[in-house]
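Enquirer: Right, I'll just put the structure down here and ask away after.
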Amino acid sequence: MREPDLAYPALGFWKPLARDGRREGERFRGFASPVDLHQVSQGELARGLLDGSEIVDNAGRRFLVQDVRRVGRKTPMWFQFLLALFGQTDDVVHILELDLVEGPPITFAEVRQRVCAAMDRDADEWLEAELEAAVERGRASEGRGPLEAAKSAVSEAKTVQEMFDGMDAVWPR
Amino acid sequence: MAGSGSYARGDQPRPVPDKLKGPYEEVVRRQQAINAQQATSEAQRRAAAAGVPPTLSGPPMQGAQPPSDRRKFDHPGALESMIPIWGSGKEALADLEDRNYSGAAVNAALAASDVVLAKAILTGLAKGGLKLAGPHAWRTAPWEEPGMRKWLGQQGFLKPGQPGHHWLLKQSSNAPDWLKNQPPFIKGTRGNLDHGRMHGPYTQGGVRYPPYNPAELLWHETPQWAKAAYVSSAGHSGMAVGRAGADETELERRR
């Protein structure tokens, strides 16, 4: 096992695997703690969450995921049986060991640019969340307010922590 | 001991002519004739009603029903009438045989509502039923583990971009996420305007739309399965009460 100490929160860039086997555009995932990185559901592993992904930690170091090994299951056996009964085995949570190697340095400007590009790919989710929040307000939103605000917060962030704090602050709830 | 009162006859009775015997026997004869006529009439009425007790939608047309031994479809009993699809379907066929067309229509509609309910349950189960494992939060951010809204989309409960309305346990309620965000409690709406009006007045494109009134709200926010369940439970309860009454009458007759 080769796993360096990461500074959390960390950020993972990954390309989801589509049903036809092709890789979709790049997305990012937040890992607030080592538990988040090492306990992942079967469905997300099947979609390629960690397979060949890049992880950028809060110190700005880049790591490449070389190998992912399932060393156990967090989901109890009885619950796995229940999930199987209802065809929900994608929700079985695996405990993982990762082989991480430090990759070439990455500038934070590049991280910001890739995060903003990934957010644009999820623009529909931002819009849907905003429209849902608008229902409570009683007024439909005009334009892409929260997404632009989130991108603005990202472009001003200097660490991964600041980036997530900025996005959390404007995510419609 | 009291005697006849005649010392001369040695307490022996004496014959007395009965002048009312004739009229009395005539009255008895007439009464017996009336009783016989009534008994015949009652027997005919019972024979006509045998096997054709009253139904949910009222008594069958007089004289239209075939004799019980020639029936193709019998009316279900009280318990049998509670069985979805079977009870109401059998009742509809029996009503049809009795030429009680309105009753047949009501029971056929009840059977149809049972079918809708059964289909909704089976479809829901085929899509995965309830989400057992978390996270059960309604909507998580794109950089977090997917929440319930995404799962409902992946399983086919909601279409892409379709707003999901918490119709029974409101999103703002204290009910836990693992319960209130489950598929049976989420109604896919026609759009944001439809969803907005379920919650209150909604402004879209500069136009302010009023909230749905209580009747509109009940219609728009209640999912198909719940509407079918309302109709089905009310119909079957009513039918069972009617059948229980009919069964009791039948027992009384047999006694």
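Enquirer: Going by the conditions given, is residue A:137 touching a helix residue (DSSP H, G or I) at 6+ places or on another chain (Cβ under 8 Å) and not assigned by TED's automatic domain parsing to the domain that holds residue A:35?
Expert: Spelling it out, it is not the case that residue A:137 is touching a helix residue (DSSP H, G or I) at 6+ places or on another chain (Cβ under 8 Å) and not assigned by TED's automatic domain parsing to the domain that holds residue A:35.
Enquirer: Search segment B:89-108 for residues that are within 15 Å of residue B:243 (Cβ to Cβ) and pair each with any residue that is among the aromatic types (Phe, Trp, Tyr) and assigned to a helix (DSSP H, G or I) when their beta-carbon atoms are under 8 Å apart and the residues are at least 6 apart or on different chains.
Expert: B:95/B:101
Enquirer: Let me ask something additional. Can you tell me which residue in segment B:126-137 is surrounded by the fewest Cβ atoms within 10 Å (Cβ to Cβ), limited to those that are without any contact (Cβ under 8 Å) to a residue 12 or more places away in the chain and within 7 Å of chain A (Cβ to nearest Cβ)?
Expert: By that ranking, first place goes to B:132.
Enquirer: Quick one: which residue in A:46, A:10 is surrounded by fewer than 13 Cβ atoms within 10 Å (Cβ to Cβ), closer than 24 Å to residue A:123 by Cα and modelled with pLDDT of 90 or more?
Expert: Just one listed residue meets the conditions, A:46.
Enquirer: Turning to a different aspect of this structure: Any residue at all in segment B:38-47 that is over 28 Å from residue B:74 (Cα atoms) and at pLDDT 85 or above?
Expert: The answer is yes, given that some residue of segment B:38-47 is over 28 Å from residue B:74 (Cα atoms) and at pLDDT 85 or above.
Enquirer: Would you mention how many residues in segment B:138-175 are touching a residue at least 24 places away in the same chain (Cβ under 8 Å), of a type in the set (Gly, Ala, Ser) and facing chain A (nearest Cβ under 10 Å)?
Expert: The number of residues fulfilling the criteria is 1.
Enquirer: If you don't mind, there's one more thing I want to ask. In segment A:144-166, what residues are hydrophobic (A, V, I, L, M, F, W, C), free of Cβ contacts under 8 Å to residues at least 40 places away in the same chain and within 11 Å of chain B (Cβ to nearest Cβ)?
Expert: Listed by number, the residues that qualify are A:147, A:150.
Enquirer: Looking at (1) within 14 Å of another protein chain (Cβ to nearest Cβ); (2) hydrophobic (A, V, I, L, M, F, W, C); (3) in a loop (DSSP other than H, G, I, E, B), can you tell me which one residue A:28 breaks?
Expert: All conditions are met except number (3).
Enquirer: Between A:132, A:142, A:136, which is crowded, with 18+ Cβ neighbours inside 10 Å and modelled with pLDDT under 90?
Expert: From the options A:132, A:142, A:136, the qualifying one is A:132.
Enquirer: Kindly indicate which of B:211, B:183 is surrounded by 13 or more Cβ atoms within 10 Å (Cβ to Cβ), within 32 Å of the chain's Cα centre (by Cα) and within 13 Å of chain A (Cβ to nearest Cβ).
Expert: Selected residue: B:183, the only one of B:211, B:183 that is surrounded by 13 or more Cβ atoms within 10 Å (Cβ to Cβ), within 32 Å of the chain's Cα centre (by Cα) and within 13 Å of chain A (Cβ to nearest Cβ).
Enquirer: Scan segment A:74-83 and give yes if some residue there is surrounded by fewer than 13 Cβ atoms within 10 Å (Cβ to Cβ), in the same structural domain as residue A:33 (by TED's automatic domain parsing) and at pLDDT below 90, otherwise no. Lay out the reasoning, then the answer.
Expert: First pass over segment A:74-83, keeping only residues surrounded by fewer than 13 Cβ atoms within 10 Å (Cβ to Cβ): A:76-78, A:81.
From what is left, the residues that are in the same structural domain as residue A:33 (by TED's automatic domain parsing) are A:76-78, A:81.
Subset that is at pLDDT below 90: none.
No, because not a single residue in segment A:74-83 is surrounded by fewer than 13 Cβ atoms within 10 Å (Cβ to Cβ), in the same structural domain as residue A:33 (by TED's automatic domain parsing) and at pLDDT below 90.
The values are calculated or read from the model by the stated rules, or taken from the named source; none is laboratory data. Bear in mind the structure is a predicted one, so any value in this text is a computation, not a measurement. Positions of Cβ are generated from backbone atoms using ideal geometry, with glycine treated the same way; all protein chains shown enter the neighbour counts.
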